[in-house]
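Colleague: Attaching a single structure in structure tokens format; questions to follow.
The values are calculated or read from the model by the stated rules, or taken from the named source; none is laboratory data. The shown structure was predicted, so the numbers you read here are calculated from the model rather than taken from an experiment. Cβ placement follows ideal geometry from the backbone for every residue including glycine, while neighbour counts extend to all protein chains displayed.
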Amino acid sequence: MNSMSGGTPYRGPRGETSRNEHFPKGMRGGAIQNFTPEQMKLFQQTFGLVSPDSYLSKLAGGDEETFNEIEAPAMRQFNELLGGIASKFSGAGSFGARRSSGFQNTTSSAASNFAMDLASRRQQLQRQATLDLADISNMLLGQRPQEKYLIPKEQKESTNWGGLAGAGTGAAVGFFGGGGIPGAITGAATGYNIGSGI
């Protein structure tokens, strides 16, 4: 699954920053969404493959019911094999053939071989499911559907009341002090600079 660079700011499922998240003072946070909606849907569906109730998890955990379903066809074939062996001994015509040591040895050998083969197949399936779970989990953990970020909050521009008051006072002093309009302009500039520094 490939992520795409860029994207639009993402701040929670509806575009807002989660209220449960705490950020440093003066900072706000969010995330950049790296996946398209289609990629995100596929990413979420893949998590189902490694959930505790998934088929792979049941195989890896040795779930008896799951293995019984897998092994049901083999069990039917084995029962048919036993039926064939019984028919063979019955057709021999000897009295009590099914109670003979030959029949007992043949069925015991077949049952033993079948049990060993079944156990071996279980181990192989369980081992492969464990490896598949690890591979898928590592792949999911390596993905970055979002890139989180922190940026400073926008500071509201404060009105320079000191500068404005100084400009007004300077303009009045300059005008009424005999400077007229040029004096008022000069006084306003001087007063603004002085007021801004207060």
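Colleague: So if I check each of Gln39, Gln33, which one is more than 23 Å from Gln128 (Cα to Cα), touching a strand residue (DSSP E or B) at 6+ places or on another chain (Cβ under 6 Å) and at pLDDT 85 or above?
Modeller: Gln33
Colleague: Looking only at the range 110-137, how many residues end up being at pLDDT below 90 and exposed (fewer than 11 other Cβ atoms within 10 Å of the Cβ)?
Modeller: 1
Colleague: Sort through Ser51, Ser57 and tell me the only one that's polar (S, T, N, Q) and more than 18 Å from Gln123 (Cβ to Cβ).
Modeller: Testing whether each residue is polar (S, T, N, Q) and more than 18 Å from Gln123 (Cβ to Cβ) leaves just Ser51.
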